[in-house]
Amino acid sequence: MKVAPEKLKVIAPATGEQIGEIDETPISQVDNFYQNSRFAFNQWSQLDVSERLDYLQKLKLVIVEQMDEVAKVVAKDTGKVLTEALIADVMPSIDGIDHICKHGEKVLKRRKVKTSILLMGKKSYIEYMPRGVVLVISPWNYPFQLAMVPIVSALASGNTVILKPSEVTPQVGKCIEDLFSKAGFPEGVVQVAHGGKEVGAAFTNGKPDYIFFTGSVRTGKIIQEVAAKQLIPTTLELGGKDPMIVFADAHLERAAKGAAWAAFTNSGQVCMSAERLYVEKNVYHSFLSLLKKEISALKQGTDIDSDVGSMTFPAQIQIVKEQLTDALSKGAVLEAGLPPEKWEDGMFLPLTVVTNVNHDMKMIQEESFGPIIPVIPFESEDEVVALANDSVYGLNASVWTKDIDKARRIASKLVTGAVVINDAIISIANHGLPFGGAKQSGIGRYHGEAGLRIFCHEKAIVEDSGRKKSEIHWYPYKGKYPLFLTLLKSYFQKQRNWLTFINSFLSILKKS
Ligand code: ADP
């Protein structure tokens, strides 16, 4: 008897209405997915990079053609405002494809590297060989970009892909599946497995050749454990608790506008949102007034002109609530927003600013992933660097000052995967830069050259013409040791002695 598939409900978080349902992928299908993927890999991996990039170009044009529709699916499925769906989810994906199409061939090309003189007469190369089947597990906060960019990077590098999109935003997963099908990718090159964590776990256990995961630290650690048992390489893009540092000599109005955006874009559900705001003491009060003024002008809602949308994932509201309750019980002061007991039901949270906070509070130590920002005064560069680095996370950070030397000095001292000076978050938007975190923010990098090469085995090739009968490092060793000693000393000593080097080399050659 054929069993009807389980359904994933598609709920629009902003309104709570059910807007559809999607068939969940039965776990019994996992092996089939991998078989299809491995079968497709045999041909896909044999295409020239330029042929694979032609497919990506087609995909890009399909997305461009349907940009408005895709942005609307993303907005509806996440509750984010339409402008953010377009500029922060759809646009970076298209730009990522564009970047790969421009640079992919060069990045993946076989490269010649210098060969040490000790390997005289040989040539050395690096080649990039696709790994096989890449499992991409993606989250709900930027469900389009954080699935699409790893997928297209893995594809360009010659891999086939299985995507397990977040069950919280399943409609976006379906939309991605449809876009690849419209772009005419060969059967099995990209497959989408719909479902929740059980489906994710089943695919993780299915022995992919690489796992690219974006999500929580908790799940990242589970995936890393499973992967370790099979020695499967991974990239883990996890959470953040990004500091924003505002010095007194910053353009304060700009910094206040920037802080409102960096803290509340996507309702703060951004791994790189500003989650700790450090402001130099002598401008602390004036900056706080500017920030509050900015926030009071923001419009929350679902219409096309809204600034801040709803939360996406109901469980996240509880986390934000607990952090705020903890902080208020320890003496924190609400500068904007409402105490949790006065929050209305639903997915729109008050835009919240909190002061009188310290590093013992959950709100400072744990990721909030909501529209809430604590503001803390500081007095010196050293103090603020120590505060900023006092976190288990290290994803991104921002430094705001007109003194660029100071900004660069601070940037170099921050233990993070990226730093933005006089803006925030946007380092992810430059596909030429590596993206990834330090500490518990993750393992590995993507975007840029790394983004294509992580999906390849980096193969070292040394080439000899094969015309000589023997090599100096081969048998017999008889009589070679003292000659090698002289050769190596003449080569590695402070002043290289070429005459001795050549003489001892020729003597060893005679004995080979
Ligand atoms: P969040 O809690 O913010 O949704 P998660 O890290 O739990 O973040 O989810 C990110 C992605 O990981 C989702 O696609 C989810 O279904 C998937 N996932 C969750 N748990 C597991 C697991 N144990 N194994 C594989 N994938 C998982």
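Values quoted throughout were computed directly from the atomic coordinates according to the rules given, and no laboratory measurement underlies them. Being a predicted model, the structure only gives us computed values, none of them experimental. With ideal geometry, Cβ positions are generated from the backbone for all residues, glycine too; neighbour counts draw on all protein chains shown.
Assorted remarks:
- For SER273, SER216, the sequence from fewest to most other C-beta atoms within 10 Å is SER216, SER273.
- Å³ per residue enclosed by the Cα convex hull of the chain: 196 Å³
- Ordered by the number of other Cβ atoms lying within 10 Å of each residue's own Cβ, fewest first, VAL217, VAL270 fall into the sequence VAL217, VAL270.
- Exposure proxy shown here: for SER28, SER153, the number of other Cβ atoms within 10 Å sets the order, fewest to most, as SER28, SER153.
- Dividing the mean sequence gap of close Cα pairs (under 8 Å, 6+ apart) by how many residues the chain holds gives a relative contact order of 16 percent.
- Percent RCO, i.e. relative contact order, over region 229-340, from Cα pairs under 8 Å lying at least 6 residues apart: 23 percent
- Cross-link pairs beyond the 27 Å C-alpha cut-off, checked among LYS292/LYS330; LYS114/LYS489; LYS76/LYS330; LYS292/LYS402: LYS76/LYS330
- Region 20-107: C-alpha pair distances exceeding 16 Å, %: 67 percent
- Global geometry of region 242-430, whether rounded, prolate or oblate, following the gyration tensor of its Cα atoms and the 1.5 cut on a/c: prolate
- Most to least packed among 319-328, 232-241 [average Cβ atoms within 10 Å]: 232-241, 319-328
- Here's how it looks for ILE373: its modeled amide H is under 5 Å from those of THR352, VAL353, VAL354, which are all 5 or more places away or on a different chain.
- Nearest-ten-degree value, helix 314-329 long axis tilted from longest Cα axis of the chain: 70 degrees
- Dipole of region 242-430 [Lys/Arg +1, Asp/Glu -1 at C-beta], most positive-end residue of LEU328, ILE404, SER289: ILE404
- Compared with the dominant Cα axis of the chain, that is its longest principal axis, helix 217-230 is turned about 30°.
- Counting only Cβ charges, +1 for Lys and Arg and -1 for Asp and Glu, the dipole size of region 242-430 around its Cα centre is about 240 debye.
- Per-residue Karplus couplings for region 154-167, computed as 6.51 cos²θ - 1.76 cosθ + 1.60 with θ equal to phi - 60°, are listed in order as 5, 5, 4, 6, x, 8, 9, 9, 10, 9, 10, x, 5, 5 Hz, Gly and Pro entered as x.
- Each helix, a run of at least 4 DSSP H residues, gives -39500 (n - 2.57); summed and divided by the residues of the chain, these come to -12500 deg cm²/dmol at 222 nm.
- GluC sites (Glu not before Pro) restricted to region 143-216 and DSSP loop, no more than 16 other C-beta within 10 Å: GLU187
- In region 242-430, Cα pairs under 8 Å separated by at least six residues give a relative contact order of 29 percent.
- Helix 91-108 axis, angle to the chain major axis (alpha carbon atoms, nearest 10°): 0 degrees
- Rg in Å to one decimal, and Dmax rounded to a whole Å, for region 94-223 via C-alpha atoms: 17.6, 59
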